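Participant: My questions all concern the structure below.
Read the figures in this text as sums done on the coordinates, not as results from a lab. In this text, all values refer to a predicted model and were calculated from it rather than measured experimentally. As a convention, Cβ positions derive from the backbone with ideal geometry for all residues, glycine included, and neighbour counts pool all protein chains shown.
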C-alpha cells in the first residue's frame, strides 16, 4: 500500500469513527456544510468512495461531453462527470435513507478492498480534474474526509479526533492543488476564511472555507 493510499485510508477511518457513534435520531441534524444535514455529509463521502473504486478498476470519473450534455467536470476542459458517477450519487441518496451505518460499512469496505489491490495506486485513469493515476489523486484527496470528519462530528455533537500531522500534510496538498486547479467553486470549497486558528485542523478548516466556531443547535 502506497503512502498516498495510507493517508487516505487513515483519514477515512477517522471519519468512520464518527459515523459509527452517530445515533439514528441525529442523521438529520444540520451540518456546517450549508444545506446539508449530517446524512448528506456521509453520502458525499460514500459517493467519493464509489468514484474512487471505479477509478481503481479503470472506470474514469469524467468523460468527453456527449451531444445531450451532462454535468460539467471541474476540469473545465469540456469533460463531464461520467453517467455512472451521477447515477451512483442518486442511488446512494435513496439507499442511505435506511440503515445508514450498514450502508456506510458496505461502501467503506468496498473502498478499502479496492485500494488494497496490488498496483491500485499505479492505475492510470481520469479524475474529475483530469488525467492522473490513483496515487497522485489520493495524494490530494485525503484532505476531504479530514474536513468532513469535523463537519459530521460538529453536526452530531461529537469531538473531532484527527491526526494533526495528517492535517498539516493535507493543507499543503490542498493548497498546491488549489493553486493549480482552483477549488473555489460550488460543491467543492468556499472562499478561504481569514486565519484565526493556529492548530493544524483549524487552519485546514479555514482553508476549506469553514467557520471553526460553528456549532450545531441540537
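Participant: Please verify whether residue 126 is in a strand (DSSP E or B), within 18 Å of the chain's Cα centre (by Cα) and either in contact (Cβ under 8 Å) with a residue 24 or more places away in the chain or within 30 Å of residue 28 (Cβ to Cβ) (or both), treating the condition exactly as stated.
Facilitator: Judged against the criteria, residue 126 is a match.
Participant: Hey, can you tell me all the residues within the stretch 55-97 that are in a helix (DSSP H, G or I) and within 17 Å of residue 188 (Cβ to Cβ)?
Facilitator: Across the stretch 55-97, the qualifying residues are 85, 86, 89.
Participant: What about residue 157, is it more than 16 Å from the chain's Cα centre (by Cα), over 14 Å from residue 33 (Cα atoms) and not in a helix (DSSP H, G or I)?
Facilitator: Yes: the conditions hold for residue 157.
Participant: Okay, next question. I'd like to verify a number: residues in the stretch 10-38 that are over 17 Å from the mean Cα position of the chain (by Cα), under 17 Å from residue 108 (Cβ atoms) and surrounded by 16 or more Cβ atoms within 10 Å (Cβ to Cβ), how many?
Facilitator: Adding up the residues that qualify gives 2.
Participant: Against the definition (more than 27 Å from residue 65 (Cβ to Cβ) and either crowded, with 17+ Cβ neighbours inside 10 Å or touching a strand residue (DSSP E or B) at 6+ places or on another chain (Cβ under 7 Å) (or both)), how does residue 149 come out, yes or no?
Facilitator: Yes: the conditions hold for residue 149.
Participant: Of all the residues that make up the stretch 42-90, how many are free of Cβ contacts under 8 Å to residues at least 24 places away in the same chain and loosely packed, with under 14 Cβ neighbours inside 10 Å?
Facilitator: Residues flagged as free of Cβ contacts under 8 Å to residues at least 24 places away in the same chain and loosely packed, with under 14 Cβ neighbours inside 10 Å within the stretch 42-90 amount to 10.
Participant: Which condition does residue 193 not pass, out of (1) touching a residue at least 24 places away in the same chain (Cβ under 8 Å); (2) over 17 Å from the mean Cα position of the chain (by Cα); (3) more than 19 Å from residue 49 (Cα to Cα); (4) surrounded by fewer than 19 Cβ atoms within 10 Å (Cβ to Cβ), if it passes all the others?
Facilitator: (1)
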